[in-house]
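This report concerns only the one structure given below.
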Amino acid sequence: MKLFSSYNRILSIITLTGLLVIGFLFYQTLGGYINKQIDDHLFEELLEVQDFAHVKNILPSPDGFDDVVVEYKKINKLQDKRRLFADTNFYNPKKKHQESARYLKTELILNGQPYEVMIIASKFERQEQIKSIILIILIPVIVLLLILWLVNRILIKRMWLPFRQLLTNIKAFNINQEKVFEPIQTNIEEFKALNKAVLDVSLKVKSDYKEIKLFTENASHEMMTPLAVINSKLDTLLQSNTLGKEQSEILADLYKATSKLTKLNQSLLLLVKIDNNQLQDKEEIDLRALIEEKLNYFQEFIQKRNLQVQINLDTFSITANRSLIEILINNLLSNAIRHNYDGGSIRITLTSDNLVFCNTGTQGKLHPAKIFERFYKDNASEGTGLGLAILKQVCLRQNYELVYNYHRDYHQFSINFNSL
Amino acid sequence: MKFLIVEDEEGLSKSISLYLTGEGNICDHAATYDQGYQKLSLYDYDCVLLDLTLPDGEGLQLLKYLKKINKTDGVLIISARNSLDQKIEGLSLGADDYLIKPFHLSELYARIQSIVRRRHFNGNSIIHFNELEIDTTAKETKVKGKTVHLTRKEFDLLLYFIVNKNKVISKAAAVEHIWGDDADMADSFDFIYTHIKNVRKKLTDSGCKDYFQSVYGVGYKFADV
């Protein structure tokens, strides 16, 4: 439920109940007041009847009054001298229909004779008055409430605008991008506080992330010199003329491990570099020519494994950083070769905006999300486990869409260059 | 040839000097900026191997100094930083090449010789090894005056072995020389075997002696025994 709806629900329940209670009480009070007025009038009429009887010694005619009806009834003796006021219905002979009315019933002595006198006054006009009064009061109140509700709605919408903006900005915040969190402009204290808190958190996250990257970079760099020493010592050892078969095998393994460690380090550094956006010089790159060049470059590997390569390349150029795109093509192609079986096949399709690498492989469908994680690899893989992570990072940086699919025994990596 | 190694990591400079010394080469060594400064002022070298991060100064400052005093020593920067900016800065300051740590000594030696060749023979250098004749500019190989057709990679491989003659070159070093860093294929070591086999065949078919020697599956050596 939206904040406004929740707020509105409570408000409308209170308003409606309040309106009903106040309306009821108002009606009651007004009714009572009107009754009292009629009663006063009836009493005045009664006094008039008494005066009339006293002065003229006759009873006034029942129809002689303008707005009341008077009835006399002879009684034997006075029993109840109280004046009784009550509501009733009576037949209005002038208007010829039943009307609600109020009467005064009392017993009194007129011309020395006890009478029961009943004076009836129509309430019709008074009721009309009440209706008018209530309408006059109720309609503005309702209109006022409606206006209030509308104003509330607009106001809340406007007041929460900074919040909405804040939310959009938080969503737009990306730790990988240079852009920092964009603070919003607002005068509202609460939003200011929220804004500041989010800004602080984002800056902290950014600086922490930067530190981690810096650490990775420094650690990798620091490792390069010892690696250089190891490498050079291995090369020196290799020159010794006294190497036996066994030592040579150990040496070969050491070479392999050192080379792997070096590659791992280089890949980590490359990731940091891509993360830091250090490769920014852009140029026009003929993708078709680049792919053909790389195919030529890897041809010995392809021939050795007896791989069938089908290429279907349209001429297509993109504007990007050359090193990044070379890494991209290199990784795609070397993966397609490395994870293939002897005699397998590779299909490369380049249409405008779209590059697809398909290859048969020793494995079935891979996990479409996990394969792009760092250091995710199957046990058989000799790689660093960073190749696809680098691929993903390059695509992320360049705003390319990278998708993995598995279709009819083919692993398929497709890149859309125009996803934005 | 005379080389100066400006490198604070003793283990590394020792291995380098061990590899380079011999066959008429002499190696000098400087572990600090000051030592490097002194040696560069006093002596002339065919090639200076310059580490960029020294305990008491920047290697690039030494390079600037060298250019200021108008020395014509070749300079090969060896750095742990694979930064394009630094590379461009170093090369624009007059360094001849830029090698990133870690490297294979054979690669280092090949680069040094390439620098020396460019500096001393204006790039037009023909390398002789018995009946073999290699034109590094035209990328031509001749056996007893007869041209042998080698592919680009085969030529690079042969040149790599000849400049490192009498040294054992590991398969890893050879692979990296030919395919660069991208060659992280599991079975890439086998390709070197195939490649060397091809080169060997082409050379021996042209009447060249087989100078390639396999060293227990770790590497190869190009030598006249």
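Overview of results
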| quantity | calculated |
| --- | --- |
| All positions within the range B:16-42 that are within 21 Å of residue B:103 (Cβ to Cβ) and among the acidic types (Asp, Glu) | B:23, B:28 |
| Residue check for residue A:325: closer than 23 Å to residue A:361 by Cβ and either in contact (Cβ under 8 Å) with a residue 24 or more places away in the chain or part of a loop (DSSP other than H, G, I, E, B) (or both) | no |
| Meets criteria (surrounded by fewer than 16 Cβ atoms within 10 Å (Cβ to Cβ) and either within 14 Å of another protein chain (Cβ to nearest Cβ) or farther than 20 Å from residue B:172 by Cα (or both)) for residue B:106 | no |
| Qualifying strands (runs of 3 or more DSSP E) (wholly inside the range B:133-225; at least 2 residues being away from every other protein chain (no Cβ under 11 Å) and surrounded by 14 or more Cβ atoms within 10 Å (Cβ to Cβ)) | B:140-143 |
| Scan of the range A:171-214 for residues that are within 19 Å of the chain's Cα centre (by Cα) and polar (S, T, N, Q), ordered by number | A:174, A:195 |
| Residue that is farthest from residue A:402 (Cα to Cα) [pool: residues in the range A:350-362 that are assigned to a strand (DSSP E or B) and touching a strand residue (DSSP E or B) at 6+ places or on another chain (Cβ under 6 Å)] | A:360 |
| Whichever residue in the range A:250-301 is β-branched (Val, Ile, Thr) and facing another protein chain (nearest Cβ under 10 Å) and, among such residues, is farthest from residue B:80 (Cα to Cα) | A:250 |
| Hits in the range A:221-245 - residues which are more than 9 Å from every other protein chain (Cβ to nearest Cβ) and either assigned to a helix (DSSP H, G or I) or crowded, with 19+ Cβ neighbours inside 10 Å (or both) | A:237 |
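Here's the yes/no breakdown for (1) in a loop (DSSP other than H, G, I, E, B); (2) more than 14 Å from every other protein chain (Cβ to nearest Cβ):
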site: A:331; (1), (2): no, no
site: A:335; (1), (2): no, no
site: A:348; (1), (2): no, yes
site: A:365; (1), (2): yes, yes
site: A:368; (1), (2): yes, yes
site: A:378; (1), (2): yes, no
site: A:385; (1), (2): yes, no
site: A:393; (1), (2): no, yes
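Here, each number is a calculation from the coordinates, and none is a lab measurement. Source: prediction; values computed, not measured. Heads up, the Cβs are rebuilt from the backbone with ideal geometry, glycines too, and the neighbour counts pull from every protein chain shown.
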